[in-house]
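Worksheet: the structure to be examined is printed underneath.
The values are calculated or read from the model by the stated rules, or taken from the named source; none is laboratory data. Remember, it's a predicted structure, so these values are computed and weren't measured experimentally. Cβ sites come from the backbone with ideal geometry, for glycine too, and all protein chains shown count toward neighbours. Accessible surface is based on the protein model in full, side chains and every heavy atom, while ligands, DNA and RNA are left aside. Shrake-Rupley method; radii C 1.70, N 1.55, O 1.52, S 1.80 Å.
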Amino acid sequence: MDRYDVAVIGGGNAGLSAALTAREAGARVIVLEGAPRDFRGGNSRHTRNLRCAHAQPDAFLTGAYPEDEFFADLLRVSGGTDEPLARLVIGRSAGCPAWMRRYGVRFQSSLRGTLHLGRTNAFFLGGGKALMNSYYAAATRAGIDVRYDAEVVGLDISGGTFSAATVRTGDRTETIRAKAVVLAAGGFESNIDWLREAWGPAADNFIIRGTPYNRGTLLRLMLDAGAQAIGDPKACHAIAVDARAPRFDGGIVTRLDSIPFGIIVNNDGERFYDEGEDAWPKRYATWGSLIAAQPEQIAFSIVDAKAIGRFMPSVFPPVVANSIRELAAALALPAQKVESTVATFNRAVRPGTFNPDTLDDCRTEGLLPPKSHWAQRIDAPPFWGYPLRPGITFTYLGLKVDAGARVQMASGDAAANIYAAGEIMAGNVLRKGYVAGIGMTIGTVFGRIAGEEAARHAG
Amino acid sequence: MQAETLRLGQHVMTVCNACRYCEQYCPVFPAMERRLTFTETDLNYLANLCHNCGECLYACQYAPPHEFGINVPRTLARIRLQSYEEYCWPRVVAGAFRHHGIVTACALVAALVVMMLLAGGVTAPVDGSGNFYAVIPHHVMVTLFGGVSIFVLAAFGVGMRRFWRNLDTSRIRGLTPDTGRIWGLTPVRDVLTLRHLHATGVDCTTAEETRSPWRRWFHHCTFYGFLLCFASTTVAALYHMTGSVAPYAYTSLPVILGTSGGIGLLVGPAGLFLLRARRDPALGDPAQDGLDEAFILLLLLTSLTGLALLVLRHQPVMGLLLVVHLSTVLALFVTLPYGKFVHGLYRAAALAKFAAEEQNDR
């Protein structure tokens, strides 16, 4: 007899949502978390909020966020979606915060804080790690078994039916049998070899913003077992991060918001893209790919004294100099070239009224590439420089699922007792772009569906 | 401040300021967000705003063993201790903060010797009337404790003045006398309710996902117990001036105030002492265990001897008890400016500055 009804592989938001829901239904549940306890929670530990539709303001959300508006926001960025699944996520998003609060999750008050997403997103008090702490405490209280350092390295699947998982903890390997399995182990963004398959040697210069434990082992096992893939295997979400960031797990603090306030040059000292194309929140996720396409996958943000204090401070100090020449030298860039780039840019700047809150009329003329907004001469020392690299947030390739979170096999049939939730299936809803907080919405909604369905199957 | 502590404080606050996930836990984070860089002054201010509740350590994605190694409660506790030393008057005794256990013990012994000498040996009045002044005359008590109080108040005054000046309040409207503005009763409420030990929310962290109201309640017992004892002494002094001389009846105002205060000072410190053992050691600065424990034990000893004195004041042991109780109170008073007590003063000042900054931003 199986000791467990439901095995949940992966201990992030989606995994714990599935585990708690399955337990609610009376199932005997085990969570297999690949990371050690201190780093449990996958990329959820770096998140901060969850996007949710709602009809009226409450203590955590301002105004109203109708489902149709949410769907429109998603369509604008997602590059296509599975509409029924997207509608399912959005429709169930409204109920997420109340369910989460039952497990001790706390949300920030919408009344104060430096937030501009207070209408659309509910913010976890203390962020994603606090959220995961609450979930793990609730799981322990509920009698769910949790294993840390438990990497799943094999799955027994035949004809779309799961029977057991092979789990490695240190040197020890064991077999965990269960009547149903929920796959919630994230994407493959911290598997550099796999990234290299998609990006070539450039991947060696990528920084992985999140957990080093999302190696895609489970995704690979499932694809090899005949599961149907969804999403572009080469697509990933990447932003500009400080090049001095740690290789893994740097999280939110390595991100740089200085780009619209100055110019960006590559390793040759040349500009390569419009830094003022659109409002920063809409464009910050384009810069990861832009920098990835530059020589050595590196770029440099250069601002002058006028920009200081206008963007969120980065965790690494700026390189500071009193002239562009000195700054270029300090950044190991060709000084003459950078000087001429800045001089050309300064000559092209037209007079305007600078306003960082709108698409203002400060722009360049006769410059390629142009800077369409917030273009101000870079002429007031001290000059600040930051080195930038592509920072990968997550990958889009995943497992195709149906509305019951059941994994679809390449044969066209649904797997009998295999369910997926979270980043490993987010590609069903997001093909190439995302809106802030929707990853946690997908994880919570599909986690709960997967937990419920898995428990029902096992029961 | 030691260069290493300064560097650590700046590192921690720089990471926090780029993250800001903790911004709704307490005032430390909104106060931090108003700054881009962190001087020694800023760190002293932030450190004294911190109530050491611990929420931000457990919520931190950069907490050890992450390579950034962020532990805000412990870092700010270390800075807080150095700020106590920095503002201490006279500065030559600033070392007391690091050797508080020994200092407290020495103060107790010295106070005992002084009291013994003043009492001329321990003798209870034979009549059992409970007349304390037969053991130590009233004018001797007044002179001794009056003198010590003046010294203690002077030390507090200088310390607070140094702290306040160091806070750089010049930019804050409402703190400069010329504007005549006040910044409201917010800091007073914050102190009296311990609002930032989550009086309005879900209580205080003792370990990850373990929260209880007890730290706040035991602190309330201690704080209000102390105030009630102080009130009792003040009322008794007024009685004495009007010719009503101790010992007072159980139903008299000084005894009611003193008894309830004494019980508070018994329950509060005892509770805080027990809670310390259950707290996650990662939240505090181990170098300050002595500072915390010596103060707690001295308060406990004060209330124990005081209550014993009340109950046994008509017994032969009264003389000995009075000498021990007064010695404890004397040691407590003398060490107030050089021990844990100062956290209340600097915390209140930091909260006042925070309230003013909040009002400025509105």
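Remarks
- Shape descriptor for region A:53-187: Rg over Rh equals 1.06 (Cα atoms; Rh from the Kirkwood inverse mean 1/r).
- Here the Debye sum runs over all C-alpha atoms of region B:92-360 as equal scatterers in vacuum, and log10 of I(q)/I(0) at q = 0.10, 0.14, 0.16, 0.17 Å⁻¹ comes out as -0.61, -1.11, -1.34, -1.43.
- Apportionment of accessible area to carbon and sulfur, the protein assembly as shown, percent (1.4 Å): 59
- Normalised by 2.2 N^0.38 Å, with N the number of residues, the alpha-carbon radius of gyration of region A:377-459 equals 1.68.
- The angle between the Cα long axis of helix A:13-24 and the main principal axis of chain A comes to about 20°, on a 0 to 90 degree scale.
- Filtered trypsin sites (Lys or Arg not before Pro), region B:1-78: DSSP coil and at most 15 other beta carbons within 10 Å: B:ARG34, B:ARG35
- Per-pair calculated FRET efficiency, R0 = 25 Å: A:LEU367 and A:ALA279 via Cβ, rounded to 0.05: 0.75
- Per-pair calculated FRET efficiency, R0 = 56 Å: A:ARG141 and B:PHE145 via Cβ, rounded to 0.05: 0.60
- For the cross-link pairs A:LYS179/A:LYS400; A:LYS234/A:LYS400; A:LYS129/A:LYS234, the ones whose C-alpha atoms lie over 23 Å apart are A:LYS129/A:LYS234.
- Each residue, B:PHE273 and B:ILE102, gets one label point 7 Å from its Cα in the Cβ direction; the gap between the two is 2.3 nm.
- Under 18 Å from the Cα of A:LYS306 - lysines, other chains or at least 8 residues apart: A:LYS371
- Region B:3-87: radius of gyration and largest Cα-Cα distance (Dmax), Å: 11.6, 34
- Principal-axis tilt of helix A:438-458 within chain A, Cα atoms, nearest 10 degrees: 10
- Relative to its Kirkwood radius, the Cα radius of gyration of chain A gives an Rg/Rh of 1.01.
- Cα point-scatterer Debye curve for region A:116-260, base-10 log of I(q)/I(0) at q = 0.11, 0.15, 0.19 Å⁻¹: -0.60, -1.07, -1.35
- Tilt relative to chain B, helix B:3-19 - C-alpha long axis, 0 to 90 degrees, to 10: 60
- 28 Å Cα-Cα reach of B:LYS340 towards lysines, excluding residues that sit fewer than 8 places from it in its own chain: B:LYS353
- Kirkwood Rh, angstrom, the protein assembly as shown [1 / mean 1/r, Cα pairs]: 30.2
- Mean-position separation - Cα centroids, region A:73-151 and region A:328-356, in angstrom: 42
- Centre-to-centre, using Cα atoms only, region B:335-351 and region B:227-305 are separated by 16 Å.
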